[in-house]
Amino acid sequence: GCQFLGGHDNPTAPSGPPQAGSSVVYSVVGASDAVGVGASRPCLPFEDCDGTGYPWVAARQLRALGYLVTVKQLGLPAAVVSRRFQDLAVQSGRTDLILNLIESAMPFVDKAATVVTVFAGANDVNVITGALGAGLGGSDPAGFIDQRVAGFASDYVTLVNGIRDRARGAQIVVLNLPNVAGLPYLASAPLERKQAAQRSE
């Protein structure tokens, strides 16, 4: 959790960690993970609490090192990266409330943030596989997936660039998506859905 304050070999990367005792304003951009869903003690959306999700574990570790940490979490359960994935979900028959990070989180990243983490993609994978299940892949499901993945990559760049424009002094840490096909909630799913989920990453 504290490694995102370390130095980098990239000459264009931000400098090393701030002095102990300095302030860290930590903005968290993500979906249900950002509020700690699945952790033993989740928080409410936009709440800074003593949770056990990764934002608060990282904050506690940093505080133990002497940093003054403020967590500003923008967790939006069920959120996808962009409007295009939100629309695809609706087109596939999803009726639950879905927000997107570009429109509903990015504009609210604290301009004073010194660290921003971004974790997105699992809900987008589910939207893609749901669209396939609804028949939207037609006769070329692999091509359908590949086009959506390319769209996700473009939208992700938009998200990160928008965060960079808002919080110009922040170190932005992008968290890698795990293999969704191997997660427990897909353990009993048909093989073709697992394959589609894996291709969608």
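What dipole magnitude, in Debye to the nearest 20, does the chain give about its Cα centre under +1 on Lys/Arg Cβ and -1 on Asp/Glu Cβ? Walk me through the numbers on the way to the answer.
Values: 15 positive and 16 negative charges, 50 e Å.
The dipole magnitude comes to about 240 debye.
Check each of the trypsin sites (Lys or Arg not before Pro) in the stretch 70-172 and keep only those in coil by DSSP with at most 13 other C-beta atoms within 10 angstrom; list them in order.
111, 168
Can you give the relative contact order of the stretch 31-146 as a percent, counting alpha carbon pairs under 8 Å and 6+ residues apart? Please list the in-between numbers first.
Values: 151 pairs, mean separation 26.3, N = 116.
Relative contact order of the stretch 31-146: 23 percent.
Could you work out what % of the accessible surface of the chain is carbon and sulfur, using a 1.4 angstrom probe and leaving DNA, RNA and ligands out of the count?
Ligands and nucleic acids excluded, carbon and sulfur give 55 percent.
For a quick check, take a GNM of the chain with Cα springs below 10 Å and name the residue from 44, 65, 101 with the largest mean-square fluctuation.
Checking each option, the largest mean-square fluctuation is seen for 65.
When the chain is fully extended, how far beyond the present Cα-Cα distance does residue 61 get from residue 91, taking 0.36 nm per residue of separation?
6.5 nm
So with the 1.4 Å probe, I'd like the accessible area per residue for the chain, rounded to whole Å².
For the chain, the solvent-accessible area averages 50 Å² per residue.
How far apart, in nm, are the 7 Å Cα→Cβ label points at residue 46 and residue 103?
About 1.8 nm separates the two model spin labels.
For the chain, return all DSSP H helices satisfying: extent of Cα atoms along own axis at least 18 Å; mean Kyte-Doolittle hydropathy at least 1.0.
none
State the label only: which of [x] 17.8, 59; [y] 18.7, 63; [z] 25.0, 89 corresponds to Rg and Dmax of the Cα atoms in Å computed from the shown model?
[x]
The values are calculated or read from the model by the stated rules, or taken from the named source; none is laboratory data. Remember, it's a predicted structure, so these values are computed and weren't measured experimentally. FYI the Cβ positions are ideal-geometry reconstructions off the backbone, even for glycines, and counts take in every protein chain you see. All accessible areas refer to the heavy atoms of the entire protein, side chains included, with ligands and DNA or RNA removed. Shrake-Rupley method; radii C 1.70, N 1.55, O 1.52, S 1.80 Å.
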